[in-house]
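As structure tokens, the structure follows; a few thoughts come after it.
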Amino acid sequence: MVRAAVLLTAICAASPAAACRLALLLALDVSSSVDATEDELQRGGLVSALTAPEVRAAFFASDDPVALAVYEWSGRYNQEILLDWILIDSPAALLSAAEVIAASTRSHNEFPTAMGYALGYGAKMLARAPVCLNQTLDMAGDGQNNEGFGPQLAYREFPFAGVTVNGLVVNAAEFASETELVAFYQNEVLWGAGAFMEVAQGFEDYENAMRRKLERELTPPIVGALSLHSERAG
């Protein structure tokens with residue numbers, strides 16, 4: 001128990017200047033494989049997930065707030081910010097963020113899937129995020145990279161040290177390549193400690209998958225679990 005207490009003290013002391021517990025950056029796929037109806041489903045699904053009771057509870061499960069930002073991506077030069085960094089420190093701030101996303105309109109609809117460039121853009125956004133204990137980038141998409149460099153090169157060339165990249169796979173399985181999308185995310189996209197993905201079975205399932213992912217990302221770790229793990233490790 002003493003070791004666990006010392007560990008927790010060290011964790012808190014290591015980041016005294018942190019203004020929040022997590023900088024969470026969400027990336028939406030608006031490449032040409034996503035039609036207008038599907039884009040409405042993912043955009044509306046994100047808004048509904050953010051305002052779901054369980055996600056709202058996860059946002060405020062700790063006294064330390066979360067910083068949130070959202071951008072959309074497609075081709076190598078086609079990324080646009082939907083929601084710039086905002087500190088979610090109250091229910092009003094969360095509602096305001098959801099309203100901004102709900103009012104957003106799609107910036108591009110005819111470009112390929114340049115995931116490496118999208119990750120690079122995300123790394124630059126994270127570099128100017130509020131100071132937080134952790135940083136997570138979520139890549140949502142319905143296809144594999146088909147323009148420019150891929151995710152693994154992006155991880156070598158951009159500052160991803162200490163960043164976790166999770167995935168939301170939209171597994172429409174309308175083409176042969178999409179049946180391999182889950183494996184692509186597992187092998188090429190997921191990055192960092194504790195990285196995971198959720199799978200949406202089509203865009204109609206986007207809201208459910210996003211809700212599950214956000215709840216898992218935002219729920220603070222249980223201190224008791226950390227103490228137990230430390231005792232066993234000792």
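Exactly one condition in (1) polar (S, T, N, Q); (2) farther than 18 Å from residue 58 by Cα; (3) at pLDDT 95 or above is false for residue 166; which is it?
The one condition residue 166 does not meet is (2).
With the condition kept exactly as written, say whether any residue in region 173-188 is part of a loop (DSSP other than H, G, I, E, B) and under 25 Å from residue 80 (Cβ atoms).
No, region 173-188 contains no residue that is part of a loop (DSSP other than H, G, I, E, B) and under 25 Å from residue 80 (Cβ atoms).
Within region 209-229, take every residue that is open to solvent by 60 Å² or more (accessible area, probe 1.4 Å) and within 14 Å of residue 54 (Cβ to Cβ) and give me the one that is modelled with the lowest pLDDT.
My answer is 219.
Filter region 178-207 down to the residues that are in contact (Cβ under 8 Å) with a residue 12 or more places away in the chain and open to solvent by 60 Å² or more (accessible area, probe 1.4 Å) and list them by number.
180, 188, 191, 193, 194, 201, 204, 207
Where residues in region 128-168 are in a loop (DSSP other than H, G, I, E, B), open to solvent by 50 Å² or more (accessible area, probe 1.4 Å) and in contact with a Ser or Thr (Cβ under 9 Å, 6 or more places away or on another chain), which of them is nearest to residue 194 (Cα to Cα)?
That would be 131.
So is residue 176 of a type outside the set (Val, Ile, Thr) and at pLDDT below 95 or not? Please lay out each step first, then the result.
Working: of a type outside the set (Val, Ile, Thr): yes; at pLDDT below 95: yes.
Answer is yes for this residue.
Name every residue in region 93-121 that is within 22 Å of residue 44 (Cα to Cα), within 18 Å of the chain's Cα centre (by Cα) and crowded, with 17+ Cβ neighbours inside 10 Å, in order of residue number.
Residues satisfying the conditions are 94, 97, 98, 101, 113, 118.
The values are calculated or read from the model by the stated rules, or taken from the named source; none is laboratory data. If you're wondering where the values come from, they're calculated on a predicted model, not measured in any experiment. Backbone-built Cβ (ideal geometry, glycine too); neighbour counts: all protein chains shown. Each accessible area value is taken on the protein alone, full model and side chains, heavy atoms only, with ligands, DNA and RNA left out. Shrake-Rupley method; radii C 1.70, N 1.55, O 1.52, S 1.80 Å.
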